[in-house]
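Asker: Right, I'll just put the structure down here and ask away after.
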Number of protein chains: 2
Amino acid sequence: MILNPPYYAVIFTSTRTDEDNGYGFMGQKMEDLAREQEGFLGVESAREEIGITVSYWKNLEAIANWKQQAYHVFAQQKGRKDWYSSYRVRICLVERAYEFEK
Amino acid sequence: MILNPPYYAVIFTSTRTDEDNGYGFMGQKMEDLAREQEGFLGVESAREEIGITVSYWKNLEAIANWKQQAYHVFAQQKGRKDWYSSYRVRICLVERAYEFEK
């Protein structure tokens with residue numbers, strides 16, 4: 001996973017509905033598709049009460065292109081209609097980063 | 001939870017050891033303490049395979065002060081010694097944000 005700045009992070013936080021209807025399949029599909037995008041650097045996810053997905057991108061252009069990718073547009077529509085009761089998207093410039101490893 | 005930029009996000013991603021030894025208690029304690037800090041704006045967390053905690057802050061000074069807070073310094077040391085096999089910290093300027101709500 002990328003560490004050293006500068007690059008961009010998209011923080012996607014969400015609350016789910018009870019509706020499944022292909023959610024798991026689509027999540028995997030979107031992750032696979034994102035990995036193929038120009039400028040994609042990595043993605044990390046976890047869900048408990050809320051879901052948090054952080055994806056990392058080379059620049060704003062890569063983020064804009066991903067937002068407009070046709071299958072992803074379809075997934076966003078399904079998300080608003082079926083899967084999410086709410087979500088927030090924050091687009092962030094990563095300025096500093098460090099890590100600890102045992 | 002704060003939405004409109006500009007402000008800062010600290011993305012903390014981690015993998016845990018098997019060691020408990022007060023981890024849950026300390027997590028709650030740190031969240032309570034963070035809420036009392038000048039410039040604290042909010043926090044969101046989820047853990048599955050990895051843990052992701054995103055905290056939001058007014059500016060870099062607030063983040064630096066929190067990093068140096070005495071009890072938090074102790075928690076960081078315990079974290080490296082006992083609780084985490086690895087972690088990453090990314091300090092980010094939130095440039096744009098939007099939300100969806102049903």
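Every number in this text was worked out from the coordinates using simple rules, so none of it is lab data. Keep in mind it's a predicted model, so treat the numbers as computed, not measured. Positions of Cβ are generated from backbone atoms using ideal geometry, with glycine treated the same way; all protein chains shown enter the neighbour counts.
Asker: Provide an ascending nm list, one decimal, of label-point separations from residue B:95 to the equivalent residue in each further copy; define each label point as 7 Å from Cα along Cα→Cβ.
Answerer: 1.3
Asker: May I pose another question? Under 14 Å from the Cβ of residue A:60, count the other residues' Cβ atoms, weight Lys and Arg +1, Asp and Glu -1, and hand me the total.
Answerer: +1
Asker: Cut-off is 10 Å between beta-carbons; in what order do A:90, B:47 appear when sorted fewest neighbours first? Please list the in-between numbers first.
Answerer: Numbers: A:90 24, B:47 16.
Result, fewest neighbours first: B:47, A:90.
Asker: Explain nothing, just compute: Karplus ³J(HN,Hα) = 6.51 cos²θ - 1.76 cosθ + 1.60, θ = phi - 60°, for every residue of region A:6-11 in order, whole Hz, x for Gly and Pro.
Answerer: These are the phi-based 3J(HN,Hα) values: x, 6, 10, 10, 10, 9 Hz.
Asker: Relative contact order for region B:7-94: what percent, with Cα pairs under 8 Å and sequence separation of 6 or more?
Answerer: Reported as a whole number, the value is 52 percent.
Asker: Separate question: Under a crude label model (7 Å from the Cα following the beta-carbon direction), how far is residue A:69 from residue B:102 in nanometres?
Answerer: The answer from the label model is 2.6 nm.
Asker: Would you mind checking the pairs A:78/B:102; A:29/A:67; B:29/B:78; A:67/B:102 and listing those with alpha carbons more than 18 angstrom apart?
Answerer: From the list (A:78/B:102; A:29/A:67; B:29/B:78; A:67/B:102), the Cα-Cα distance tops 18 Å for A:67/B:102.
Asker: Note the distances from residue A:35 to each other copy's matching label point, with points 7 Å along the Cα-to-beta-carbon direction, in nm, sorted shortest first.
Answerer: Copy-to-copy label distances for residue A:35: 3.9 nm.
Asker: Calculate the dipole size of region A:1-92 relative to its Cα centre from +1 charges on Lys and Arg beta carbons and -1 charges on Asp and Glu beta carbons; express the result in debye to the nearest 20.
Answerer: 280
Asker: Can you sort B:74, A:40 so the residue with the fewest Cβ neighbours within 10 Å comes first?
Answerer: Details: B:74 11, A:40 18.
Taking fewest neighbouring Cβ atoms as first place, the list is B:74, A:40.
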